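The values are calculated or read from the model by the stated rules, or taken from the named source; none is laboratory data. Keep in mind the model is a prediction, meaning the values are calculated, not measured. Cβ placement follows ideal geometry from the backbone for every residue including glycine, while neighbour counts extend to all protein chains displayed.
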Amino acid sequence: MSQEFEKIERPTVAAMEEISGQPFKVLDDGFIRVVDYMGSDASIVQAARVSYGKGTKKIHQDRGLIRYLLRHRHTTPFEMCELKLHLRVPMDCWRQWIRHRTANVNEYSTRYSIAIDAAQTTAPDEWRYQAEGNRQGSTGFLPPGEGAHFSEKERELHALARQVYEERLNAGIAREQARKDLPLSTYTEAYWKIDLHNLLHFLSLRMDEHAQYEIRCYAEIIGKEILRRWCPIVWEAFLDYRMNALSLSGLEVAIIREIAAGNPDAAVKLAIANKWLPEEAGAPVKRNRERAECERKLQRLNLDIPWKERLKS
Ligand SMILES: Cc1cc2nc3c(=O)[nH]c(=O)nc-3n(C[C@H](O)[C@H](O)[C@H](O)COP(=O)(O)OP(=O)(O)OC[C@H]3O[C@@H](n4cnc5c(N)ncnc54)[C@H](O)[C@@H]3O)c2cc1C
């Protein structure tokens, strides 16, 4: 064989070595800790350049390449990096987490071992009201005076559930059956390994304001404390092209073009033609999710909502 191969050093990231194994606290008793990682910003560049048979270039060119890959939705170079975490998370939150099928998971077994003796608790000022507009969401907080009642009831419920569970175990009932009435707030632990492409997908969904607060707390730690250290160029590009970006539908582009051209009436006509608004001015305006989302985008762009007068009717 005439071809010569250079020795390949396993890439390490000093900032990740520093936090390896250290728990980042989440909620009242949860945590996330890095167990292992493979690759770095440089591994993405290295994988991408294999496609053209070129070696690693300068750091600013690496940054440009990573941003290009993310902007243009390339996937496989990001799959060259892997992250393994140890998590402690309440079961209701875990139930959302485990829906992400592209990770490899090993969870603490409450058939095999006694369930972790910790349940997520809610402070009197942490009880949230049901949101009206978004059926899946919450908004604002109960006054702490009212919340104290629910925190006390929560404490009683947790204590009773644990007591009944332990009574069952002491009577020799199998752990797999004794556990069935433990609350969803009971903490579980897992090892969770995922590649960077799918981690970004997870973060884009679970750091988003539509995600439930509890899982968002975990996702934000993974993003802001772990990914930021592990692959800083990817993290910067991810914030820029995913989290802080704005996606516009064809109709929204057409509406914004009319607004920018000084034709707000034409923008209103487009909204009417797409059934976002009734034809007659003054007719009651029904709730329309797509229109409401467009209005939020216009606000983000500091643009006037061309049909705002109609919304008052
Ligand atoms: C705000 C929010 C609200 C939600 N509400 C609900 C709800 O009310 N009810 C509910 O059931 N779920 C709900 N979910 C869960 C959601 O529908 C997804 O199951 C979850 O977010 C996982 O996303 P995913 O499938 O894209 O991720 P992953 O499972 O990590 O998959 C990543 C990507 O891989 C591909 N992929 C993976 N597996 C397959 C497969 N078998 N076939 C084809 N492609 C595949 C897909 O492109 C997918 O996007 C909600 C999620 C969020 C973020």
Requested in this report: Could you grab the pairs with beta carbons closer than 8 Å, sequence gap of 6+ or different chains, first residue in region 195-210 and closer than 30 Å to E132 by Cβ, second one hydroxyl-bearing (S, T, Y) and in a helix (DSSP H, G or I)?
Outcome: R206/Y218
Query raised in the report: If L160 passes every condition in (1) within 16 Å of the chain's Cα centre (by Cα); (2) away from the ligand (no atom under 14 Å from the Cβ) but one, which one does it miss?
Result: (1)
**Report entry** Hey, H197 assigned to a helix (DSSP H, G or I) and surrounded by 13 or more Cβ atoms within 10 Å (Cβ to Cβ) or not
**Finding:** yes
Query raised in the report: Of the conditions (1) at pLDDT below 95; (2) in a loop (DSSP other than H, G, I, E, B); (3) of a type in the set (V, I, T), T121 fails just one. Which one is it?
Result: (1)
Query raised in the report: Mind checking which pairs have a first residue in region 92-106 that is over 20 Å from L182 (Cα atoms) and a second that is within 11 Å of the ligand (Cβ to nearest atom) and part of a loop (DSSP other than H, G, I, E, B), Cβ under 9 Å, 6 or more apart or different chains?
Result: V105/I98
Requested in this report: Go through (1) touching a strand residue (DSSP E or B) at 6+ places or on another chain (Cβ under 9 Å); (2) touching a residue at least 24 places away in the same chain (Cβ under 8 Å); (3) closer than 25 Å to L227 by Cα and name the single condition I116 misses.
Outcome: (3)
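Yes or no, residue by residue, for (1) at pLDDT 95 or above; (2) out of contact with any His (no Cβ under 6 Å at 6 or more places or on another chain); (3) assigned to a helix (DSSP H, G or I); (4) under 30 Å from M38 (Cβ atoms):
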| position | (1), (2), (3), (4) |
| --- | --- |
| K57 | no, yes, no, yes |
| D62 | no, yes, yes, yes |
| V105 | yes, yes, no, yes |
| G140 | no, yes, no, no |
| G145 | yes, yes, yes, no |
**Report entry** Which listed residue, of A15, A42, is under 25 Å from the mean Cα position of the chain (by Cα), at pLDDT 95 or above and not in a strand (DSSP E or B)
**Finding:** A15
Query raised in the report: Among the residues of region 212-226, which ones are within 16 Å of the ligand (Cβ to nearest atom) and in contact (Cβ under 8 Å) with a residue 24 or more places away in the chain?
Result: Q212, Y213, E214, I215, C217, Y218, I222
Report task. Could you list, in sequence order, all residues of region 187-211 that are near the ligand (Cβ under 10 Å from one of its atoms) and in contact with a strand residue (DSSP E or B) (Cβ under 8 Å, 6 or more places away or on another chain)? Result -> I194, L199, F202
Query raised in the report: In this structure, is A178 more than 10 Å from the ligand (Cβ to nearest atom) and aliphatic (A, V, I, L, M)?
Result: yes
Report summary line: R155: passes all of (1) away from the ligand (no atom under 16 Å from the Cβ); (2) outside any loop (DSSP other than H, G, I, E, B); (3) exposed (fewer than 13 other Cβ atoms within 10 Å of the Cβ); (4) not assigned by TED's automatic domain parsing to the domain that holds P23 but (3)
